[in-house]
Each structure stands twice: as structure tokens, then as C-alpha cells.
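Reading through the C-alpha cells given below for one structure.
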Amino acid sequence: MTHIHDHSTVNTQYPDPRLPETVASSTTSAVSWGAIFAGAAAAASLSLILLMLGAGLGLTSVSPWENDGLEAGTVGIAAIGWLTFTQIVASGMGGYLAGRLRTKWVGTHTNEVYFRDTAHGFLAWAVAALVSAMLLTSTVSSIVGGSAKVVGSVAGGAAAATVGGAAGMANASSEGSGSPMDYFVNSMFRPGTPAAAPATPASPDAPAAAPAAPAPQQDLTPAQLNEVTGIFTNSITTGQLPPEDRQYVAQLIAQRTGISQQEAEQRVQTTYDKAQAKLKETKEKAQQVADTARKTTSYLMLWTFISLLAGAFVASLCATFGGRQRDL
């Protein structure tokens, strides 16, 4: 009877000492926000310092002189590597501090402690990423926005090289600013080279022949020059030069240079072909620049995503190391 009485007494009194701890553990949060914010502040500060150092090293690696300094591809690879290194080091430091500075969980299973430390490291990385994003919003927006503008200008740049570009060249030509259209129009009105007369043997006593007088030239008025520029602008925009416009421009060239109408029309067609080739070249270059900017932006965003994932993993892993040392 005594043994049974003692056993019942033990059974009734055993849960009583654990009741306050059970109630306390169920009402207390397992998140140590102080440790998380401390680790996030350290990670954000270290990330800023390393980014500034990387920017300084990158500026010293690029040279404005041709065939001097590192190539663009090498600088891009170095920038990606430094960004990943920055994320790993800063996130690792922040996660370790978040795990090392958190409160000690008494009476908690080992697996639960491991999960909480991992969560603390991840939360420290997330807070640091948000703080860094808020501090660097203007910089990131200018990079992404500038690249997006360049990418979005593929069609716009091509159109500027055709319709808008031709109109812009026309306006610049009318203002006398030395535009490409100005060059093509003025090149048509260059004086023609007179054909050399066949040489005839002259007697020693014959007087030297006087040089042939150049053909009279008629200067173009600014209105005529603007009209020719408008004709070329319209032909480049539409993609074809009407025969009547070619004949009219050739007539003005013949009056200005003294060459025949046929030669003048041939000169107009040749100049028009050169302008079209120049326009095509400009359009292709604009498309290449836009495509390069699109690929660069895509690669930058992709590697930024990978580096952020690496930072989150390292922060969570280092938090478990810090928490393990905290519980020793």
C-alpha cells in the first residue's frame, strides 16, 4: 500500500513543476528580432563597403584610351564575381551574428534549434536585402531604367534612323549645322571635272594654247537647297526616289555644275544609293547596340538573382554555426 501511495503521489506531482515552463514556452516568441536586426545591419553595412571597394577597383580597371585597360567582357565577369563575393561575405557575417546573438532556447529539441537558427539567418539576410534595396533604389532604378530605355529604343532608334532620322537631318540641314544629309546634298553640287581634249602635236613656233574657261555656274538659293534636302528626306523615308524628283534635282545640278542632264541624273541616283546605304548601316548599328544592352541587362539580372540566392543560403548556414557556438 505504501508503494502504491508513493507511486500515485509521484504521478500527481510530476507535471506540476513543468507547468509554468510549458505555459511560458507556448506564449514566448521563438524569434529574436534584436539579433536579426543586428545581423542585418552588419550585413548591409559590409555589403555597402564591399560594393564601394568593387566600384573603385572597377574604375581603375577601365581606361578611356583604345587598346588600354581591361576589355568590357573581362570587366563584366569581374563585376559578377565581386557581386557574388560581396553577397557571400556580407550575408555570412550577418547570419553568423544573428545566430550568435540570439537568446538561448532552454529545453528545445536539437532539430528545432537548428530550424530556428536557419530561420534567423534567412530573416537577417532578408532584412539586409530590403535595407540595401531601399538605400540603392535610385542607383538600381537608373541602371535598369537606362538599360530598359536602350532596349525599348530598338524600334524607336530604327524609326529615328528612317523617318525621324531623315527628318532630323533635314532640319539640321536647313539650320546649316553640317548634318549627314547636308553632306549628301552638297556633294551632288560639286563642280564636274571637264573632259580633257585630245592632245595634238604642236609646232615649236605655235603659241601655247590658253586654258579652257570653266563653264558658267549658277549658285543655288537657300530655298532651292532646302527643297532638294526635302526631296531626299522624303525619298529616304518612303524608300524610293520618284523619277520626276530625280529629273528636277538633276536639272538643278546641271545648271550649277555645267554637266549634262544624263550625268546629273546619274549623280543623283549614286548619291541616293549612298544615303540609303548609310541609313541602313546606322539602323543596323542602333539595333546591335540595343541588342547588346538587352543581353547585358538580362545577364546582370540573372547573376544578381544567383548571387542573392547564394547569400541567403550562406546566411542561413552561418546562423547555424553561430547558434551552435552560442549554446556551447
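Search segment 83-105 for residues that are surrounded by fewer than 24 Cβ atoms within 10 Å (Cβ to Cβ) and pair each with any residue that is assigned to a loop (DSSP other than H, G, I, E, B) and not aliphatic (A, V, I, L, M) when their beta-carbon atoms are under 9 Å apart and the residues are at least 6 apart or on different chains.
Short answer, once both residue conditions are applied: L101/S32; T103/S32; K104/D327; W105/D327.
Can you tell me which of S63, S91 is among the polar types (S, T, N, Q) and at pLDDT 90 or above?
Values: S63 fails: at pLDDT 90 or above.
Sole residue among the options that is among the polar types (S, T, N, Q) and at pLDDT 90 or above: S91.
Within segment 106-124, identify whether any single residue is part of a helix (DSSP H, G or I), within 30 Å of Q287 (Cα to Cα) and modelled with pLDDT under 90, and answer yes or no. Break it down stepwise before answering.
So in segment 106-124, the residues part of a helix (DSSP H, G or I) come out as 110-124.
Applying the additional criterion that residues be within 30 Å of Q287 (Cα to Cα) yields none.
Looking through segment 106-124, none of the residues is part of a helix (DSSP H, G or I), within 30 Å of Q287 (Cα to Cα) and modelled with pLDDT under 90.
Which one is farthest from N186 (Cα to Cα), of the residues in segment 270-290 that are surrounded by 14 or more Cβ atoms within 10 Å (Cβ to Cβ) and not hydrophobic (A, V, I, L, M, F, W, C)?
Q287
The values are calculated or read from the model by the stated rules, or taken from the named source; none is laboratory data. Since we're looking at a predicted model, the values are computed, not measured. Positions of Cβ are generated from backbone atoms using ideal geometry, with glycine treated the same way; all protein chains shown enter the neighbour counts.
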